[in-house]
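Below is one structure; the comments refer to it alone.
The values are calculated or read from the model by the stated rules, or taken from the named source; none is laboratory data. Computed from a predicted structure; not experimentally measured. Ideal geometry is used to build each Cβ from the backbone, glycine not excepted, and the neighbour counts take in all protein chains shown. Just so you know, the surface numbers come from the protein's heavy atoms only, side chains and all, with ligands and any DNA or RNA stripped out. Shrake-Rupley method; radii C 1.70, N 1.55, O 1.52, S 1.80 Å.
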Amino acid sequence: MTDRMPSQKIVIIGGVAGGATAAARIRRLDEHAEIVVLERGKHISFANCGLPYYISGKILHKSKLTLQSPKSFKDRFNIDVRIQSEAVLINREKKLITVSNLASGEVYVESYDKLLIATGAKPNMPTIPASIEDQVFTLRNIPDMDRILRYIDTRRPRSAVIIGSGLIGLEIAESLHAHHIDITLVDRLNQVLPAIDYDVAAEVKQYIEKLGMKVLLSEKVQAVSATENGLTLQLSQSVIDAEMVIFASGVIPESRLASQAMLALNNRGSIIVNKQMQTSDPSIYAVGDAVETTNLVTGEKVFAPLAGPANKQARVAADHICGLTSSYHGVQNSSIVKFFDLVIATTGINEKTANRLGLDYDKMWTYSPSHATYYPGSQMLSIKTIYEKQTGRILGAQVVGFEGVDKRCDILATAIHFGTTAKQLGQLDLCYAPPFSSAKDPVNIAGNAISNVIDGLVKTYHWHQVPSLARDGSVTLLDTRTTEEYQNGHIEGYINIPLDELRSRLSELDNNKPIFVTCQIGLRGYVAARILTQHDFTAYNLSGGYKLYQTIYHDSEVMMPW
């Protein structure tokens, strides 16, 4: 870049994470460019991730959600921000945009040298009859938030149905619960939180139900109709009543403008861009929820409507518009949600994706204390790690717990980004003091457990393989927990030899039969498998142990992870 670039006019359609970030970055790089931001709504930059927390009362002042105003943008960045200004048509040939002023009704034409589309995404929901519109909601922006709060304040609803149990669905559920509203979560899938795997979601579902909320899975909304006391929802398998309904069933790209301008879209409607965030028209860029991006782990083209990628894409687009050589290489789909006290985080690919793509992968479940157990307040972390069998390269991870979840998932996200193997994961030199971790951090433990498998020190089997294990005496099913633990609950067909008695009772076992070992979380089972293997037995250890098995099979109906 030179100190003085040729003057150019950049028009940005849409604010919030993508548009506002790009506008500010362009100004920092080019003091002389003319920058115009067109925003259809009344807020140019707001914290949409904070909306549920204002509804719940955790954020007390609405002003905290509005990060910038047209005036602050003008004062600090000399950017012409026009709110309530909707771009309705792009003329690529003449480089003109038709703009409608929603406040005055005026329609005018704006020229551009470079154009950036940051129109985001819109809620994925069916058409709702006008007669019940005031009782049906989404949550994407501040006006949506205001509608929900106004309804709660005036109508005092006692029950709500939330369609969708993803990140936003859970956050809304917690927000409404703060207003003493009975919650029913409905999802068309067979699990909550579709970004994670079925076995991880089983723990989350148990927690939701312990809070007194209802969860209806494998249910699709067929119809919503008015009743004397509220609404009735006809689902695929049942009928439920509620006084308000919130759709949190995902989003779809808001790409109407791009489509009308004949820019290249994929079959989902996402705008196709290159690594510099240019569309099929080199003068037009696109960022955020409206664009197609690449999965860093698999190389697949994906839809990733998350704030983090939108901000990074905006920086890359701004750089390229101003002559810098920046590239955006894709997403890992790292995300996290706090639901009351429980925290759930994921990064990289899940097992569903690995299985769908036919990858040569395996998985490891580990349970570890969040910090040294002798220091007060330690709580167990559940970590499911997906790895490449041959190399041990980490492909994905999911972490659930009450403390230290974000830290561990961020470490794993970094490991995935740089192609780290399980052995390297076990060797990471991480901060340790009793209030924060143990000398072997839960991330180290996950890496070591996988390394044991890759090095041939132990064979594993998984919860969904347990029901198919023979109960005819051809194999030995062995529970190595204490007698008291075993008597409090065990897997059908497993005999009990406590780990501390195993060496003295080896004669009770037939070394011509493979032994499938379990314990509570997998640690004692690993020790038992090592003892057995070195005494010429063939042994397999249950990853995640009885704890994981019981979490999943506490329901009578269990689906496969894929």
Practice prompt. Give me the percent of DSSP beta bridges within the chain that run antiparallel, rounded to the nearest 5.
Written response: 55
Worksheet item: Okay, which of region 376-419 sit inside 16 Å, backbone N to the point 7 Å along the Cα-Cβ direction of Ala433?
Response: 376
Worksheet item: Packing-wise, with mean Cβ within 10 Å as the measure, how do 151-162, 286-297 rank, highest first?
Response: 286-297, 151-162
Worksheet, complete the sentence: Farthest towards the positive end of the dipole of the chain, among Phe46, Thr154, Thr298 and with Cβ unit charges of +1 on Lys and Arg and -1 on Asp and Glu, lies the Cα of Phe46
Worksheet item: Quick one: helix 523-533 against the long Cα principal axis of the chain, what's the angle to the nearest 10°, folded into 0 to 90?
Response: 50
Fill in: Pairwise centroid distance, computed over Cα atoms, of region 416-438 with region 220-263, Å
43
Practice prompt. Could you please state, rounded to a whole Å, how far the C-alpha centre of region 452-485 is from the C-alpha centre of region 319-352?
Written response: 36
Item to complete: Find the accessible area per residue for region 67-143; the probe is 1.4 Å, ligands and nucleic acids are left out, and the unit is Å².
Response: 53
Fill in: Cα-based Rg and Dmax for the chain, where Dmax is the largest Cα-Cα distance (Å)
26.9, 90
Worksheet, complete the sentence: With label points set 7 Å from each Cα along the Cα-to-Cβ direction at Asp113 and Gln465, the distance between them in nm comes to 6.3
Response to the item:
Once the mean of 1/r over all distinct C-alpha pairs in region 400-450 is inverted, the Kirkwood radius in Å reads 11.2
Worksheet item: Near Lys220, which aspartates and glutamates are there with a Cα under 16 Å away, not counting those fewer than 8 places off in the same chain?
Response: Asp187, Asp241
Worksheet, complete the sentence: Among Leu457, Gln427, Ile411, the residue whose Cα sits farthest towards the positive end of the charge dipole of region 401-463, when +1 is placed on the Cβ of each Lys and Arg and -1 on the Cβ of each Asp and Glu, is Leu457
Worksheet item: If the chain between Glu34 and Thr373 were fully stretched, how many nm would it gain, using 0.36 nm times the residue separation less the Cα-Cα distance?
Response: 116.2 nm
Worksheet item: Hey, can you rank 235-243, 81-89 by average C-beta count inside 10 Å, highest first?
Response: 81-89, 235-243
Worksheet, complete the sentence: Quarter of the surface of the C-alpha convex hull for region 1-114, i.e. direction-averaged projected area in nm², equals 8.5
Worksheet item: Going highest first, how would you order 527-536, 432-441 by mean Cβ packing within 10 Å?
Response: 527-536, 432-441
Worksheet item: What per residue convex hull volume, in Å³, comes out for region 434-556 when only alpha-carbon positions are used?
Response: 136
Discussion item. So for region 430-562, averaging the separation of alpha carbon pairs under 8 Å that are six or more residues apart and normalising by length, what relative contact order in percent results?
Written reply: 24
Discussion item. Please report Rg (one decimal) and Dmax (integer) in Å for the Cα set of region 170-285.
Written reply: 19.4, 56
Practice prompt. Would you work out which of Leu499, Ile117, Ile79 lies farthest towards the positive end of the dipole of the chain, given +1 charges on the beta-carbon of Lys and Arg and -1 on that of Asp and Glu, about the Cα centre?
Written response: Ile79
